[in-house]
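Notes to accompany the following structure.
The values are calculated or read from the model by the stated rules, or taken from the named source; none is laboratory data. As the structure is a prediction and not an experimental result, all values here were calculated from the model. Cβ placement follows ideal geometry from the backbone for every residue including glycine, while neighbour counts extend to all protein chains displayed.
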Amino acid sequence: LKLFYSPGACSLAPHIALEEAGIRFQLESVGLKSKRTESGADFTAINPKGYVPALVLDSGEMVTENLAVLDWVATQSPSLGLQGPLGHTRLLETLAYLSTEVHKSFKPLFVERNDYETARARWTVAQRLELLAYGRLGPYLFGPRPSVADCYLFVMLLWTMRFGIAIPDAFLVLRGSMVNRPAVQKAMAREGLRVPLVEGTFQKRMGVA
Ligand SMILES: N[C@@H](CCC(=O)N[C@@H](CS)C(=O)NCC(=O)O)C(=O)O
């Protein structure tokens, strides 16, 4: 099993999830601009989409798209999924929201568009996180245990620190709970990222999203 990733990018979500699952895997970093992997390979020849995450299974088949990669991890390690008749549906619902509504809303911030687009993106991210937080009991999205959706949300909550976007109190708790998890600390250290200790003091080496 091999995960292609870039430090601090959205691929940190499956990286954390794989650590949480206790699955053995290899990592290979990708330069998102150069499209070269750390071993010098042309990443677009491996994944024509040219973006991370890309997970190569032991069978040699490749899975891309965070939603699918995270769902795959949850099928390997059901404690990272959601139980009950609607469990899988709720997981996909949340992963889809994170991917298409939250993650995508960050894009103008990473490409440094004009002030208007940047301000609008910040507002959109904040508003979508408010909607997601509404009615959550915590500490994680679905209660006392983290799911793969929390891994994805956590990466977005690191990005809000980077861009100084205020987040709901429930997500301050969630981010703090995630930061204390050994799997999160291991994955962040492996990606060369400093684990935030105090709100607002996050020194990052983030990839471009
Ligand atoms: N649709 C993809 C998007 C993944 C994505 O945006 N990856 C970013 C890093 S967070 C990336 O690799 N960007 C470089 C590029 O698109 O060239 C997913 O949901 O997994």
Inset, instruction - Could you check A68 against (1) within 14 Å of the ligand (Cβ to nearest atom); (2) within 16 Å of L131 (Cα to Cα); (3) free of Cβ contacts under 8 Å to residues at least 12 places away in the same chain and say which number it fails? - result: (2)
Legend entry - Which numbered condition L86 fails, given (1) farther than 21 Å from G143 by Cα; (2) more than 14 Å from the ligand (Cβ to nearest atom); (3) surrounded by fewer than 17 Cβ atoms within 10 Å (Cβ to Cβ): (1)
Inset, instruction - Look at the range 37-50 and say how many of its residues are out of contact with any helix residue (DSSP H, G or I) (no Cβ under 9 Å at 6 or more places or on another chain), in a loop (DSSP other than H, G, I, E, B) and either hydroxyl-bearing (S, T, Y) or near the ligand (Cβ under 9 Å from one of its atoms) (or both). - result: 2
Inset, instruction - Please find, within the range 51-62, the residue that is farthest from the chain's Cα centre (by Cα) out of those that are more than 10 Å from the ligand (Cβ to nearest atom) and within 23 Å of S147 (Cβ to Cβ). - result: L57
Inset, instruction - Could you tell me which residue of the range 183-192 is nearest to F154 (Cα to Cα), considering only residues that are in a helix (DSSP H, G or I) and in contact (Cβ under 8 Å) with a residue 12 or more places away in the chain? - result: V184
Inset, instruction - Tell me, please, whether a residue that is surrounded by 14 or more Cβ atoms within 10 Å (Cβ to Cβ) and modelled with pLDDT under 95 can be found in the range 100-108. - result: yes
Inset, instruction - Can you work out which of the residues in the range 20-36 that are within 25 Å of P146 (Cβ to Cβ) and part of a strand (DSSP E or B) is farthest from the ligand (Cβ to nearest atom)? - result: Q26
Inset, instruction - Please indicate, with yes or no, whether at least one residue in the range 71-80 is among the small types (G, A, S), more than 13 Å from the chain's Cα centre (by Cα) and more than 16 Å from the ligand (Cβ to nearest atom). - result: yes
